[in-house]
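The values are calculated or read from the model by the stated rules, or taken from the named source; none is laboratory data. In this text the structure is predicted, and so the values were computed from the model without any measurement. Every residue, glycine among them, receives a Cβ derived from its backbone with ideal geometry; neighbour counts consider all protein chains shown. For the accessible areas, the whole protein counts, side chains as well, though only heavy atoms, and no ligand, DNA or RNA atoms are used. Shrake-Rupley method; radii C 1.70, N 1.55, O 1.52, S 1.80 Å.
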Amino acid sequence: MLNKPGEKHQRPHAILVAYPLQGHVIPSVHLAIKLASRGFTITFINTHSIHHQTSKAGPHGEDGDDPFASVGKSGLDIRYITISDGLPLGFDRSLNHDQFMAALLNVFSAHVEEEVEKIVKSGGPPVNCLIADTFFVWPSRVAKKFGLLSVSLWTEPALVFTLYYHLDLLRLNGHFGCIVVLLSEKNSNEYGPVLLQDAREDPIDYVPGIQSIDPKDIMSYLQEMDTSTVCHHIIFNAFKDVKGADFVLCNTVQELEPETISALQSKMAFFAIGPIFPPGFTKNIVATSLWSESDCTHWLNTRPPASVLYVSFGSYAHVTKSDLVEIANGLLLSKLSFVWVLRPDIVSSDDADPLPHEFKEETGDRAMIIPWCSQKQVLSHPAIGGFLTHCGWNSILESIWCKVPLLCFPLLTDQFTNRKLVVDDWKIGINLCNRKPVSRIEVSENINHLMSRKPMNNFRKKIEETKKMLENALTATGSSEKNMEQFIKDLEVTIQKRCNKE
Ligand SMILES: O=c1ccn([C@@H]2O[C@H](COP(=O)(O)OP(=O)(O)O[C@H]3O[C@H](CO)[C@@H](O)[C@H](O)[C@H]3O)[C@@H](O)[C@H]2O)c(=O)[nH]1
C-alpha cells in the first residue's frame, strides 16, 4: 500500500529484474539508479551467474557483495538480491546458448516468483510494482499474482518493439514465417499436397507508425524460416505477456522515432525515457562489466584527434571465423590505428585465438587488441574518430552521445533494424559491406571512407545534430525527462487508486 489517508507521501517500491545478458544488465542498473534518485525504493534482482561474473571482473573494492553499496552511501535506497537462472554457475552459457535460453524460458520464473513472494511478505517497505525486461515471458503474469503493477523495460528501439508487437500482422501478410500453400493432389509431392513458400520480399508498409521497412531490415528472428527455436518461443511468449503490462519504458528518445512512438502510445502506456546512461556517463559507479576492463587511455593519449577506429561487436553475438579474418585484413589494409575489443568467445568459447597468426605482429604499434574495455570511456576519448560496430542498441546510443560516426556490421537480432535507423534514416553512419561475403578490400575502403575528414562526409554533421537531440531530451524540459515524470505520476496515481480500493 502506498499512502493511507493522513500518511506522508511515500514513493513506490519496485522490484527490478534484469535480463541476464550484458546489453540488458547495463541499462537496468542505470534505470534503477535513475528511479532511486527520484525517491523510489528499488530491490534489484540479478542472477547468481551475472553477479559472479561482474564480481570476478572487478574491481569492486569496498562494494564487496553489493554492487550498489557506494550509491547506497549517497542516500539511494537500492537493495540487492541474487537468484539462480536455473543453471549451475560454471555452465558455459555462451557455448550452450540454446540451453541457457531454454532455462530462461522455462525455469527462471519459478526462482523469480519464489523471491518476489519472499520480498512481498518480508515486512519491509510494501512493494508496488515489478519492473522486468520485455524479453522475459512472465512479468505481467507474476506481477498480477502478487497484486503488483507490471512495468516492462524495453532495451531496444521502439521500431523493433513495434515490429514484434505486430507479429500477427506480419504473419497475416506473409512477411513472417513460411506460407503453406495447399496444392491439388496432382501437384502433391512426398510431403503431401502442400508447398512451403518463402516469406514475401516486398516492403512492409502496413504496420502502424512505420512508413515502410524492407524485410531484410527486420530482426533476424523474423527473417528465419524455422520459427520453432527457443528464441522464437521466447519472443512469441514475451510479446503475448507484454500486452498485459501496465507501462512500457523504452530506452529511446521521442524525437528519434516520433511516428513509431506515437502509434504505440495510442495502444499502450509507452514512455521513451532514454538514453538511459549512468550519471556522469563515463564513471562506473556500479560495476556492470562481465569481463575485466583493459585501460586504453595511455595508448589513446598518444594518438592524434579522431585518428583511431574503435571496433567492438558487443557482448553477445558471434562472428564467423572467415568474416573475422576479412575484417582483420581490412583493418591491416586501411593503415589506420584501431582499438579492437575481441571477447574471448567472439568466434566461440572453444576457439580462443581466432586471429590470423601474423596479425598482431603486422599491426604492431598501431593496434590495441583487448578482451574488453570501458566502452563509454573509449568512445569519449578525443582520439576516437569512428566505431565499427555490430549495431547493438546501447553501442549506438553511446556512440551518438560521443559524436562518433558508425560503421555498421549487424550480426543478429535487432542489429539489422538498428542499422537501418543509423544508415538509412538518421544518416549518421555507413555500412561496412554492401556485398556478401565480407571482403577485406571493401572493409578497408569503407573504414577509410568513414574516417576521412572530407566535408562531403555529412554523417559527422548529422551525428552532432542527433547528439543534441539526445542531450535536449535529458534536460529538465526535455522529452525523456518529461516522459519519466509522467510515468512516475501515472504509476503513483494507479497505485493510489489501488490503495484506496483496499
Ligand atoms: O568492451 C566493451 C564492449 C561493450 N561494452 C558495453 O556493453 C554494452 C553492449 O551493449 P550493446 O551494444 O547493446 O550490444 P550487446 O551486448 O550485443 O547487446 C544485446 O542487447 C542489446 C540491447 O537489447 C541489443 O541491441 C543487442 O543487439 C544485443 O546483442 C554497451 O553498453 C557497451 O558500452 C563495454 O563496456 N566494453
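The table that follows gives values for the structure above.
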| read-out | value |
| --- | --- |
| Net charge over other residues, Cβ less than 15 angstrom from the Cβ of Glu201 (K, R count +1; D, E count -1) | -4 |
| Ranked by how many other beta carbons lie within 10 Å on average, peptides 364-373, 423-432, 243-252 from highest | 243-252, 423-432, 364-373 |
| Average accessible area per residue (Å²) across segment 34-117 - probe 1.4 Å, nucleic acids and ligands excluded | 43 Å² |
| Segment 297-470: projected area of the alpha-carbon convex hull, averaged over directions, in nm² | 9.3 nm² |
| Arg435, Arg200, Arg303, Arg419, ranked by accessible area, largest first (probe 1.4 Å) | Arg435, Arg200, Arg303, Arg419 |
| Share of carbon and sulfur in the accessible heavy-atom surface of segment 327-421 [1.4 Å probe, %] | 52 percent |
| For Thr413, distant residues with modelled amide H under 5 Å away | Ser220, Tyr221 |
| Accessible area (Å², per residue) of segment 208-281, counting only protein heavy atoms and a probe of 1.4 Å | 37 Å² |
| Range of Cα positions in segment 263-400 per principal axis (Å), largest first | 56, 33, 27 |
| Fully extended contour minus Cα-Cα distance, from Leu89 to Asn472, at 0.36 nm per residue | 133.6 nm |
| Over the chain: helical MRE at 222 nm, DSSP H runs n ≥ 4 each giving -39500 (n - 2.57), nearest 500 | -11000 deg cm²/dmol |
| Simple spin-label estimate for Glu465 and Lys145 in nanometres, 7 Å along Cα-Cβ | 5.0 nm |
| P(r) weight above 39 Å for the chain, C-alpha pairs, percent | 25 percent |
| Ranked packing of 483-496, 271-284, 144-157, most packed first, by mean Cβ within 10 Å | 144-157, 271-284, 483-496 |
| Listed pairs Lys73/Lys145; Lys420/Lys482; Lys73/Lys403; Lys121/Lys376; Lys216/Lys240 exceeding 31 Å between Cα atoms | Lys73/Lys145; Lys73/Lys403; Lys121/Lys376 |
| Mean-position separation - Cα centroids, segment 56-123 and segment 443-502, in angstrom | 28 Å |
| Within the chain, percent of DSSP bridges classed antiparallel, to nearest 5 | 10 percent |
